[in-house]
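The values are calculated or read from the model by the stated rules, or taken from the named source; none is laboratory data. On a predicted model such as this, the values are computed, not experimentally measured, just so you know. Counting neighbours? That spans all protein chains shown, and the Cβs are built from the backbone with ideal geometry, glycine included. Just the protein is used for accessible areas: all its heavy atoms, side chains included, with ligands, DNA and RNA removed. Shrake-Rupley method; radii C 1.70, N 1.55, O 1.52, S 1.80 Å.
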2 protein chains.
Amino acid sequence: MKSTVGREEKEVFGAYLSKNHLKRSEQREVILDTFLRSDRHLSVDDLLQMVQKRRPDIGRTTVYRTLKLLQSAGLAQELALDGQSRFERDYKREHHDHFICKSCGAIFEFTSPDIERLQDEIAADIGFAIEGHRHQIYGSCRSCTSRASRAEARRSP
Amino acid sequence: MKSTVGREEKEVFGAYLSKNHLKRSEQREVILDTFLRSDRHLSVDDLLQMVQKRRPDIGRTTVYRTLKLLQSAGLAQELALDGQSRFERDYKREHHDHFICKSCGAIFEFTSPDIERLQDEIAADIGFAIEGHRHQIYGSCRSCTSRASRAEARRSP
DNA sequence: GTTCCTGCAAATCCTTTGCAAGTTC
DNA sequence: GAACTTGCAAAGGATTTGCAGGAAC
């Protein structure tokens, strides 16, 4: 059960550690493995809780620090939401942006080469060299919208 | 000098206060007036400093609270950047997004009806009702890019 | 043995809140 | 005078840092 998840990513992480004269540790292994098994878009707290189910003695600080390493290694990417950050896998994944439902918190990914191209064109017009971007669309997802309209219908039938 | 800036916005704010049984105060007037005279995209600290040049006794808390009111009144809009928020005028301004230069901090606005339309289409596909969005593009502006390449040329001529 | 890691507690940063005193209506 | 505002200090939440003890190399 433990061995087959994210083998490639684990190798990448190992290589990253070696190259930077950093050390392996059981904490780092557990955190990475948990991260790779999880749903996408977890907060530090989500990850900490899952990690602590396996190793209750792993602290929040270590989770923060390991997530930083995973980002440097190209394995995780931070989604800077309003109040807190969330993290998602980033290894060999194509670029995408996010819809975020304000009522249930669900996050949907989308890609749009057209939007990317338009961005690039506008940037070129003003001589701006793009390094990254954040494109988050807030609103209400399909199920929250229909739940809301059902509730509305009940109120004034 | 004092009277002609943002007359319309000041009326809107007055109306907003009345409608909500809130009170006028000199602090609120100074903060709004300072906000309206300023450059765009100020942080709370920027605004506080400018305000305190005119009325050193106005506190940071009041600036925060007044900015909240200005947002509710439709006069200001928050730009949620990474570390801290910035605020810009929002009255009768068309929707736009931002380029943010990581080296000098400059912020450039852009509008793209095409991007907006594409967003709407993608949202419609998944049944997502858009309420707002955040679209920030990070990188290096024209002058920072050319400054960097001049420095590079100097190093290896 | 040296260098790196870890977890705790404390510190930091930005923002909000409780409260007593002061203003506006 | 009732209701709202203000500024201070304290609280809050997310993230970072100092440090002494522990682990990896």
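Of the conditions (1) in contact (Cβ under 8 Å) with a residue 24 or more places away in the chain; (2) within 11 Å of chain A (Cβ to nearest Cβ), residue B:113 clears all except one; give me its number.
For residue B:113, the failing item is (1).
Restricting to region A:117-157, name every residue that is modelled with pLDDT of 95 or more, assigned to a helix (DSSP H, G or I) and open to solvent by less than 50 Å² (accessible area, probe 1.4 Å).
Selection gives A:118, A:119, A:122, A:123.
Would you confirm, using the coordinates I've provided, whether residue B:46 is more than 16 Å from DNA strand D (Cβ to nearest atom) and among the acidic types (Asp, Glu)?
yes
Which residue pairs have Cβ atoms under 6 Å apart, sit 6 or more places apart or on different chains, and have a first residue in region B:143-155 that is closer than 18 Å to residue B:107 by Cα and a second that is modelled with pLDDT of 75 or more?
As it stands, the answer is B:144/B:101; B:144/B:103; B:144/B:104; B:145/A:129, since those pairs meet every condition given.
Any chance you could count how many residues in region A:76-104 are in the same structural domain as residue A:9 (by TED's automatic domain parsing), under 13 Å from the mean Cα position of the chain (by Cα) and closer than 20 Å to residue B:85 by Cβ?
Count: 7.
Among the strands (runs of 3 or more DSSP E) contained in region B:1-116, which hold 1 or more residues that are open to solvent by 10 Å² or more (accessible area, probe 1.4 Å) and more than 15 Å from DNA strand C (Cβ to nearest atom)?
Output list reads B:85-89, B:97-101, B:107-110.
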